[in-house]
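> Below are the structure tokens for one structure; questions will follow.
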Amino acid sequence: MDGLPGREALAAALADMAAGQPARALPTLRALVEAAPEDAVLQLNLGMALMDAGHLSEAEAPLLAAAQAAPRHPEPCFRLARLRHLRGDTPTAETLYRAALARAPGHVAALAGLAEVARSLGRPEEAASLLREALLHAPQDAGLRLALARALVHSGEAAAALEELAEPLRRGGPAGRLGAVWAEALRARHGSERACALAREQAQAHPLCAARAAGLAVLCEAEGRGAAALSAWRAAEALAPEDPDILAGLAQSLARHRDHAAALDAFDRAIALAPDEPALRLGRGEQLWRLHRLSEAADALRAALRDFGPDERTRATLALVLVSQGLQDEAMAEAEAAGGENALLLGLTSVGPYHPEAGRAEVLAARARALHQRLSEGLLPYTAPPPRAEGRLRLGLISAHFGKHPVGWLTVAGIEHLPREQFEVHVFSLGDRPGEIAARFRARADAWHLVEPGTPDAMLLERLRGAELDILIELGGHGQGGRARLLRHRAAPVQIKWVGSQAASTGTPNIDWMLTDRWETPEGFEPYYTERLLRMPDGYVCYSPPPAAPPVAPSPAGFSGAVTFGCYNNLAKVTPRVLAAWARILDALPEARLVLRTHALGDGPTREGFTARARAAGLDLARVEMHGAVPHDQLLAAYGEIDISLDPFPYTGGLTVCESLWMGVPVLTLVGSSFAGRHAFSHLSNVGLADWAVFSEEAYVSEAIRRARDIPALAALRAGMRARVAASPLCDGPRFGAHLAAVLREAWERRDRPA
Amino acid sequence: MLASVAESTPPAALMRLMERGAALLAEGRAAESLELLQRAASVPDAPALAHGLLAEALEAEGRLDEALLAADRAVRSGEGAPPWLRARARIRRALGQSLAGLDDAAAAVMADPSDIESKSLLGICLSEAGRHDEALLLLHQAFSAEPGSAQRAAMLGFGFLRAGRHAAAEEVLGLAEAMAPQAPGIAALRAQNALAAGEPERAIAIAEAAVHRCAADVRLFSVLGQARQRLGQDAAALDAYAAALRLDPGSGYLRHLVAALGGDAAPARADGRYVAEVFDGYASRFEASLFALGYRVPGMMLRMIERARPEVAAGRAKLGPVLDLGCGTGLMGATLHDLLGDALVGVDMSSRMIEEARAKGVYTRLDCLDIEAALRAEEGLYDVILLADVLCYFGELAPLLRQLRARLAPGGLLLLSVEAAAPEARWTLARSGRYAHGEAYLRAALAEAGLVAREFRSEPIRWEGEDPVQGHVVCAMAGG
């Protein structure tokens, strides 16, 4: 711009903005503002360009400067109002919209903004009259007409809303928003089911109408028909590929179907069209996290927090990202900052149990009680189904993980062996998983209820209750895809928590029992749980070894003469104290090596950060190998590279322990106090290797050193390990099934008796 | 001409619906593609492509009736373009209309004789229809055109297998397996071929290696079970069938096999789905496999009828109405063809078998029904009632024989065959999943139903490998 005089440079910048390229205008505008900071027009345009480019956090200063320099001008007030509105500060936004209108009573966008404030504060009639006023000034504005229709729906005037929408539907408008409002109006007018049918008929009559396709998608989602919704979003996107609302709907639907790569792509496209939409930025961060692109995810979420201000869900997601990176302190701080129910849930399930302090049983128990209290408000009444005459109990299972997932590997054999003559099994599968494990669940199920992704809570509760279950086992917890929270309203006379984010008490009212064992929760652990403890005679899970697992490889120490330790757990479990313990072990054994293998180590910056922490903890990095994730069969084969698995703490290994043992590798564990802190102890005890469990960090270090020095003993243990595990209760499906039947019957019979 | 092309160019939105729909279909996401393709096909004067893609999506989703309608529209508006003829051929085959499928495949080849996909499909259809020479010619051409394609090699191998040329099949299937070692279907086919060649040990080795190498697959476990069973390794066979059943819990066929091996109590008669599935799967290669097995029953029954009715044998008279229960592909109808003078009614519960029988053009009526249901519905009387190799799906015979006697015209003949159980046994469910009957029991059951054996022959009714399968073939009449 050096060669251009200021006026021409400004003209070029304004042209960029008009062309929808605000980012291109920014350097020019910044330079011009620097040269003339008192110029209201320049400040205003810089603020607008920053907002349009999605840099909300930077936009406020130039807009305030513009407002000061031109106090009578409506535009700075309006822009500031919009900025506050986007950042969730509705009261200030309202004041500023009114200030803009005081300066220019016919300011259409300010009228629309004020209407939106009124609608969101439950004053739909006021919103409608503001929008009618705005339409007098801009009768062709389809966006205003949509907003009016929406306000009318909220005022209980769905028929009038549909009349308002007829014109935009005929002539076209912003398809995604139009479709959403149309769907809302149809549902308000005709009820959900009839609305869905009407939208289907309209699809035939108007096959190329993107708005109607989007509306159909919205209605399918409300009906709990997530697969049909995804297909409709796909159609809407094909018909209007540049519509940000449709791209957003498609992205969310793909995410619910666990197609995270495609979801990320759709979020990226939507953000390019609508950079100032907070939900899109959060969605993008979530997808990056699911794709294990952890550092990018953290950056994206932090940027969203900067631009839109503090947001509970964004912070909660950031906490999950940070814990996945092995940053337990930072994650805990972010979880606390998120506040509210999110803080309690994260503290109890996805973040707290990994943290050396927050993961102690007493701390978790306090959170569970707080959550229990919070969730006890507004419970829906429940009536148990009339007792059945016959002796079979109807058992429900609910989870998103009936497949190749720890829940699948650790429960399928037990479920398979539940006696058919005693239990009628109803599986509620949240989404569908392919594969052999899934087929085994299907084979045992007496009834299979597919719950499509995104099914609303109320609908799911109705389906669960409609099945008239005697007992319901929850296998997802408060983790990703889990619906444990919903069970506070109760869907069966007996509700039990089992595997699936089973790190601590669920803190959920009306979850009556925790399925456990005497190693996980010995006598005296009752106060740590809001549930009653239902102890299995052996371990609380039954492991199904993969049929295609490679044979146990010979001990690598037999060749090298020195022990190779390994840990194939995720980084969330590897705390600084774990690193320090490992450093002491390697220090004492100058020939020993350590192999780490997990998803997060495949992410460059995450790995760098982890490496720095490991170095700081005193680990000799020359003897540490770090690998990213590999496919499951290769992961199993990789146990051939190690002699001893070093279990992390306080969150110990679960399925990882079973797999290590199956592949011949013993696991040294430090027993903690939380449920997650004792997974490994339970599995080891169940196969007769309780002597590999220790109860202090000192003992962890000394025992690792002692075991590593006895290579012949390790080789002998390894040689017999698979046979030992195969013969143990850990893998004994029939035995487990009989025990499970007995404790479920016990829970049933004690249902009306207090603890 | 140019102008009309321009006018008929579909709008961009329609193009995107079809492009994205096709891309999803190619990624195996048929369910996701449906809304796009249904919309594309709903546009007035939608191009054949829209209907054709919709047909493929519906086919992939198992909605075959709707798929057939869409394929009809695609063929109509596409003026018989080969891709849509092929789609319709596949859908028709899946619906059990294999001859109509063959017609479509042939039309696709005629429309574009250079199209490899069409040739390949026609080859498969012909192979299933037992026209092996033509089939192999086409499958070989398809393979030669794309020698690097594991699928083409596998299909040629399939053709050789169907034609009973096991060494050649092994050669190309081995090649296909080397090209695509992770494809369980190819390994299963190769194991099936080894089994058909009488080498169950080799079949087991192939299947076991593939089980370790490939994803769990119902076909692999199924053939592994068959091979182990052939070697008398019943416990191991049961494991394999149970694994297959876990992967396909709805399969009555597998459920029956598991039951036959003692995984569950033997039912009093075979599960209806078992019979229908076995024969739907094997319909068009059924005859070839029976002849390859040295199946003797039709010839034995023909001679029994000729002995009972010398005037018919001499050509001076014809048979009255004939009821062929469990008619299968119509072997008995074809065998008796020259003797028929009245109706020939066939009954079978496999729709594919019925279609094969219909193609023979000798039956005056064909009913796709369970035998017991057919007998309950039947009101006519018959000069001859045939039960060739069908009582192996029944344990208890007496109730059925009573029903049969009621349908015999005065002087009418009842011809039946069973596999022989130990003489003192009543009936047993064999490892093969078939019932066998003891001689004394059969005689008693006949007598109890008021039937008298005119001829009762106990001799091999077919061979399995080197071993004869002993059976009883009976020609009976109403007693008294």
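> Can you classify the stretch A:557-731 as rounded, prolate or oblate using the Cα gyration tensor, where a ≥ b ≥ c are the square roots of its eigenvalues, rounded means a/c under 1.5, and otherwise it's prolate if a/b beats b/c and oblate if not? Display every interim value, and only then the final one.
Details: a/c = 1.35, a/b = 1.30, b/c = 1.04.
Judged from the Cα gyration tensor, the stretch A:557-731 comes out rounded (a/c under 1.5).
> To continue, here is another question. Just want the answer: with Cβ charges of +1 for Lys and Arg and -1 for Asp and Glu, which residue in A:L380, B:Q182, A:L273 is farthest toward the dipole's positive end in the protein assembly as shown?
The residue sitting most towards the positive pole is A:L380.
> To continue, here is another question. Go through the stretch B:346-387 and name the GluC sites (Glu not before Pro) that are in a DSSP coil and have 16 or fewer other Cβ atoms within 10 Å of their Cβ.
Sparse-neighbourhood loop GluC sites (Glu not before Pro): B:E379.
> Taking the Cα centroid of the stretch B:318-389 and of the stretch A:415-436, what is the distance between the two, rounded to the nearest whole Å?
Each part reduced to its Cα centre gives a spacing of 44 Å.
> Take every Cα pair under 8 Å in chain A that's 6+ residues apart, average their separations, divide by the length, and report that relative contact order as a whole percent.
Reported relative contact order: 9 percent.
> At most 15 other C-beta atoms within 10 Å and a DSSP loop state: those are the exposed chymotrypsin sites (Phe, Trp or Tyr not before Pro) I care about. Give me the longest piece of chain A that has none.
The longest uninterrupted stretch comes out as A:1-381.
> Expressed as an acute angle from 0 to 90° and rounded to the nearest 10, what is the orientation of the C-alpha long axis of helix A:576-588 relative to the principal long axis of chain A?
Result, in degrees: 40.
> Between helix A:361-375 and chain A, what is the angle of the helix's C-alpha long axis to the longest principal axis, kept within 0 to 90° and rounded to the nearest 10?
Between the helix axis and the principal axis of chain A, the angle is about 40 degrees.
> Taking chain A as the reference, fit the longest principal axis to its C-alpha atoms, fit the long axis of helix A:40-52 to the helix C-alpha atoms, and give the angle between the two in degrees, 0 to 90, nearest 10.
The angle comes out near 40 degrees.
> Counting other Cβ atoms within 10 Å, which trypsin sites (Lys or Arg not before Pro) in the stretch A:370-430 have at most 16 and lie in a DSSP loop?
A:R388, A:R392, A:K404, A:R420
> Using helices alone, what [θ] at 222 nm do you get for chain A, with -39,500 (n - 2.57) per DSSP H run of 4 or more residues, divided over all residues and rounded to the nearest 500? The partial results should precede the final answer.
Values: 34 runs with 423 residues, N = 755.
It comes out at -17500 deg cm²/dmol, rounded to the nearest 500.
> Another question, if that's okay. Classify the stretch A:176-222 as rounded, prolate or oblate, taking a ≥ b ≥ c as the square roots of the eigenvalues of its Cα gyration tensor: rounded when a/c is under 1.5, otherwise prolate if a/b is larger than b/c and oblate if not.
In terms of gyration-tensor shape, oblate.
> I've got another one for you. Trypsin sites (Lys or Arg not before Pro), restricted to the stretch A:67-135: which are DSSP loop and have at most 13 other Cβ atoms within 10 Å?
Details: sites: A:R72, A:R79, A:R82, A:R84, A:R87, A:R98, A:R103, A:R119, A:R132; in loops: A:R72, A:R87.
Within the stretch A:67-135, the qualifying trypsin sites (Lys or Arg not before Pro) (loop, at most 13 other Cβ atoms within 10 Å) are A:R72.
> Kindly state, to the nearest 0.05, the FRET efficiency for A:D710 paired with A:D620, given R0 = 30 Å and r defined as their beta-carbon distance. Before the final figure, lay out each step's value.
Working: r = 22 Å, r/R0 = 0.74.
According to the calculation, E is roughly 0.85.
> Between B:A167 and A:D265, what's the calculated FRET efficiency when r is the beta-carbon distance and R0 is 60 Å? Round to 0.05.
0.75
> Starting from the eigenvalues of the Cα gyration tensor, five times each then square-rooted, give me the equivalent ellipsoid semi-axes of the protein assembly as shown, largest first, whole Å. Please list the in-between numbers first.
On the way: eigenvalues 793, 372, 175 Å².
After diagonalising the Cα gyration tensor, the semi-axes are 63, 43, 30 Å.
> Next question. Provide the net charge surrounding A:G602, with neighbours chosen by a C-beta distance below 15 Å and charges set as Lys +1, Arg +1, Asp -1, Glu -1.
Neighbour charge sum, excluding A:G602 itself: 0.
> Using alpha carbon centroids, what distance separates the stretch A:84-123 and the stretch A:296-370, in Å?
33
> Indicate the gyration tensor shape class of the stretch B:284-478 (rounded, prolate or oblate), computed on the Cα atoms with a ≥ b ≥ c the square roots of the eigenvalues: a/c under 1.5 is rounded; otherwise a/b larger than b/c is prolate and the rest oblate. Provide the component values of the computation, followed by the final result.
Values: a/c = 1.34, a/b = 1.16, b/c = 1.16.
Here the stretch B:284-478 falls in the rounded category.
> Just how large is the dipole of chain A about the Cα centre, in debye to the nearest 20, putting +1 at every Lys and Arg Cβ and -1 at every Asp and Glu Cβ?
Here chain A has a charge dipole of around 1160 debye.
> Turning to a different aspect of this structure: Could you run the Karplus curve 6.51 cos²θ - 1.76 cosθ + 1.60 with θ = phi - 60° over the stretch B:350-355 and give me ³J(HN,Hα) per residue in whole Hz, x for Gly and Pro?
In residue order, the calculated couplings are 9, 5, 5, 4, 4, 5 Hz.
> Now, a different point. Whole Å is fine, so just give me how far the alpha carbon centre of the stretch B:24-82 lies from that of the stretch A:521-590.
Each part reduced to its Cα centre gives a spacing of 52 Å.
> Excluding same-chain residues fewer than 8 positions from A:K497, which lysines have a Cα within less than 30 Å of its Cα?
Partners found: A:K404, A:K573.
> Taking the Cβ of B:F160 as the centre, find all other residues whose Cβ is under 9 Å away and add up their charges (Lys, Arg: +1; Asp, Glu: -1).
Summing Lys and Arg as +1 and Asp and Glu as -1 gives 0.
FYI, it's all coordinate maths here, none of it is from the lab. If you're wondering where the values come from, they're calculated on a predicted model, not measured in any experiment. Don't worry about glycine lacking a Cβ; one is built from the backbone with ideal geometry, like all the others, and counts go over all protein chains shown.
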